[in-house]
Amino acid sequence: MKILICISHVPDTNAKIPFKDGKPDLAGLTFVIAPYDDFALARAVELRDQTAGKLTVLCVGKAETEATIRKALAIGADDAIRVDAEPTDAFFVATQIADIAKKNQYDMILTGRESSDYNGGQVHGMVAAMLGIPCVVPCMKLDLNGNVATMYREIEGGKEVVQLPTPFVAGCQEPIAEWKIPNMRGIMTAKSKPLQVVQPVGVTVATQVASYEVPAPRGNCKMIDAGNVAHLVEMLKSEAKVI
Amino acid sequence: MNVLIYIESENGAPKKSALEAVAYGAEIAKGQVVALASSDTATADLGNYGADKVLQFAVSGKLEASQVAELVAQAAEAQNAEVVIFAKSILNDLAAPMVGIKLGASVASNVIEKPDFSKGFVVKRSVFSGKAFTEVALNNAKKVLTIKKNAVAMTEKGKTAAVESFSPAITASPVQIKETTQKTGDILLTDADIVVSGGRGLKGPEHWGMIEELAKTLHAATGCSKPVSDMDWRPHHEHVGQTGIKVSPNLYVAVGISGAIQHLAGVSSSKTIVVINKDADAPFFKAADYGIVGDAFDIIPKLTEALKKAM
């Protein structure tokens, strides 16, 4: 199996996002593989091992993303491709992924259900539409038998078991696999695994970020005495007007 | 500018989120407001919230997102719709970007307000899992939006929509559904006006009865924190937070949840937040509108009783 895992390079989800001059000021933050992508990567490594296949990690980003890409190599990807460009929007990123997928004919393309920075959740659907192959999101379990995949897909209020043949795109989420922590051997070998840097294909700009805004902090929390819950009911009715 | 809205329905009626999408479409359209619904969906409410026309397609089992995308793209072209609107849902979140590719449209997800037309077509959406908002300009002639709950006020327009039938060409999907497990009759988390969530403070799954009772009294959906779903006290589809479901109800009640930043990310766009926790230093109180410090096992039954009397 030829597997492509697409990862985003995002600020650590524990971090508060500082803003400076109306823009996120990410300079001082730690960057990680986006959490959902990390789940997808963990399962991709297992499926690569099971099928004795090849796992390629792909990231659209500038040079600073290479530490994050090396981490994916340390976790178990065999080689890496970095498209040397700012991931400006979902359409741009999906176009780059689809272009590389057309050249390399992967059996499956895995990614997270959304990135934890821009939360678009669009890339997997766009890639599938561009390639004309099916897409399953959110994929919570993925098993392979020959070229047939069985997946659990979350639906509102429950789940479905679905089956489909390769090739496909899957947007993954927990509990598809446990996050993997790179071991010392992985970290050492990652340094010498191939990381190819390619130029982006041209794309018309579909969307542009115009400005940012930080949510207004909530007013001071009104504390209500534990012995007087009726007062809370009163406040929710007459003040907040939500019941 | 014509607007097309894709309607998800349940038991023959449009989902509430779909009616919100119709209301949103009616607010921004400068031409026809067209709702696209399966032929077994009641049409009265669609007109009432602002649809001029309902385009009905025959139902042939459950559609995959790729099939919804084909259907919607064909309808958008037939109706000369410049803007396509979906209410946020698992299926629509996948169908929307596919429609975007088919139509060559700009796509924006998680839109929380009406577009700002003074600067072109600019929408506000939540980013960094609710830690910030961004305004995004959609440059292409056609636009596809998925809107979050409460993106627009629901106003009844009292229209009666004309009904037309529509026969799209749908390709068979290679995805076969083998089994479906779904709790029916419950209010869906993403659709609920009120959400009651429980955390580790409840000490075990056997204590969820009182959460469910409170939720029932409030006509609310039930949610939970990540540790609770990780420990299998509750199913994953109830997990609210950064890596779970993000909700934006009118009222969010958190019981025994300390308020880790990842949980707050999933609830920060709620209108009103109530936190009940025995630890007065729980960080959640800083992100709440109303708080009670105390033992959930004591407070929740009393609160449920008080609500029953008041509602």
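The values are calculated or read from the model by the stated rules, or taken from the named source; none is laboratory data. All figures in this text were calculated on a predicted structure; none of them were measured in a lab. Here the Cβ is made from the backbone with ideal geometry for all residues, glycine too, and neighbour counts use every protein chain on show.
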The residue that is farthest from B:K183 (Cα to Cα), considering only those in region A:116-139 that are surrounded by fewer than 24 Cβ atoms within 10 Å (Cβ to Cβ) and more than 7 Å from every other protein chain (Cβ to nearest Cβ), is A:L131
Might you check whether a residue that is within 14 Å of chain B (Cβ to nearest Cβ), under 17 Å from the mean Cα position of the chain (by Cα) and either farther than 20 Å from A:V123 by Cβ or not in a helix (DSSP H, G or I) (or both) occurs anywhere in region A:92-109? yes
When region A:192-212 is checked residue by residue, the ones that are at pLDDT below 95 and surrounded by fewer than 14 Cβ atoms within 10 Å (Cβ to Cβ) are A:G202, A:T204, A:V205
ask   = Looking at region B:162-180, is at least one residue in contact with a Gly (Cβ under 9 Å, 6 or more places away or on another chain) and without any contact (Cβ under 8 Å) to a residue 12 or more places away in the chain?
value = yes
Check: Condition test on B:K271, is it in contact with a Leu (Cβ under 8 Å, 6 or more places away or on another chain) and basic (K, R)?
Finding: yes
Here, strands (runs of 3 or more DSSP E) confined to region A:135-243 with at least 2 residues that are in contact (Cβ under 8 Å) with a residue 12 or more places away in the chain are A:135-145, A:148-155, A:158-165, A:168-172, A:195-198, A:207-213
Those residues of region B:42-92 that are among the aromatic types (F, W, Y) and surrounded by 24 or more Cβ atoms within 10 Å (Cβ to Cβ) come to a total of 2
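B:G266: over 14 Å from the mean Cα position of the chain (by Cα), modelled with pLDDT under 95 and either charged (D, E, K, R) or under 24 Å from B:R125 (Cβ atoms) (or both), yes or no? Break it down into steps so the answer makes sense when it comes.
Working: over 14 Å from the mean Cα position of the chain (by Cα): no; modelled with pLDDT under 95: yes; either charged (D, E, K, R) or under 24 Å from B:R125 (Cβ atoms) (or both): yes.
In short, no.
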- prompt: Out of all the residues in region A:166-173, is one or more at pLDDT 95 or above and exposed (fewer than 13 other Cβ atoms within 10 Å of the Cβ)?
  reply: no
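Tell me, yes or no, whether region B:140-162 has at least one residue that is assigned to a helix (DSSP H, G or I), at pLDDT below 95 and among the small types (G, A, S).
no
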Requested in this report: Tell me, please, whether a residue that is part of a strand (DSSP E or B), basic (K, R) and either on the phi < 0 side of the Ramachandran plot or facing another protein chain (nearest Cβ under 7 Å) (or both) can be found in region B:125-136.
Outcome: yes
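Pull up region B:146-172, narrow it to residues that are touching a helix residue (DSSP H, G or I) at 6+ places or on another chain (Cβ under 8 Å) and of a type in the set (S, T, Y), then point me to the one that is surrounded by the most Cβ atoms within 10 Å (Cβ to Cβ). Spell out the reasoning first.
Kept after step one, since they are touching a helix residue (DSSP H, G or I) at 6+ places or on another chain (Cβ under 8 Å), are these residues of region B:146-172: B:146-147, B:149-161, B:166, B:168-171.
Keeping just the survivors that are of a type in the set (S, T, Y) gives B:146, B:155, B:160, B:171.
Working: B:T146: 28, B:T155: 12, B:T160: 13, B:T171: 10.
Looking at the filtered set, the residue picked out is B:T146.
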Matching residues in region B:250-278 (in contact (Cβ under 8 Å) with a residue 60 or more places away in the chain, buried (at least 21 other Cβ atoms within 10 Å of the Cβ) and within 22 Å of A:H231 (Cβ to Cβ)) number 3
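Considering only residues of region A:1-22 that are out of contact with any Cys (no Cβ under 8 Å at 6 or more places or on another chain) and away from chain B (no Cβ under 13 Å), which is farthest from A:N147 (Cα to Cα)? Spell out the reasoning first.
Narrowing region A:1-22 to residues out of contact with any Cys (no Cβ under 8 Å at 6 or more places or on another chain): A:1-5, A:10-22.
Checking which are away from chain B (no Cβ under 13 Å) leaves us with A:1-5, A:21.
Details: A:M1: 9, A:K2: 11, A:I3: 12, A:L4: 15, A:I5: 18, A:D21: 51 Å.
That would be A:D21.
Give the residues of region B:259-268 that are over 25 Å from A:K241 (Cα atoms) and either in contact with a Leu (Cβ under 9 Å, 6 or more places away or on another chain) or more than 8 Å from every other protein chain (Cβ to nearest Cβ) (or both), sorted by residue number. Steps first, answer last, please.
Step one: list which residues in region B:259-268 are over 25 Å from A:K241 (Cα atoms), which gives B:260-262.
B:A260, the sole residue that qualifies.
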Among helices (runs of 4 or more DSSP H) entirely inside region B:214-311, those with 1 or more residues being under 30 Å from A:R153 (Cα atoms) and not polar (S, T, N, Q) are B:226-230, B:261-267
Considering region A:213-236, residues that are over 16 Å from B:D289 (Cβ atoms) and surrounded by 15 or more Cβ atoms within 10 Å (Cβ to Cβ), and then whichever is nearest to the other protein chains (Cβ to nearest Cβ), we arrive at A:A226
Conditions (1) of a type in the set (S, T, Y); (2) free of Cβ contacts under 8 Å to residues at least 12 places away in the same chain; (3) in contact with a Gly (Cβ under 8 Å, 6 or more places away or on another chain) -> B:S118 fails only (3)
Checking B:K149, B:K142, B:K88 in turn, the sole residue that is within 11 Å of chain A (Cβ to nearest Cβ) and under 16 Å from the mean Cα position of the chain (by Cα) turns out to be B:K88
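Given the options A:D25, A:D49, A:D79, name the one that is within 14 Å of chain B (Cβ to nearest Cβ) and charged (D, E, K, R). Spell out how you get there, then give the answer.
On the way: A:D49 fails: within 14 Å of chain B (Cβ to nearest Cβ); A:D79 fails: within 14 Å of chain B (Cβ to nearest Cβ).
Testing whether each residue is within 14 Å of chain B (Cβ to nearest Cβ) and charged (D, E, K, R) leaves just A:D25.
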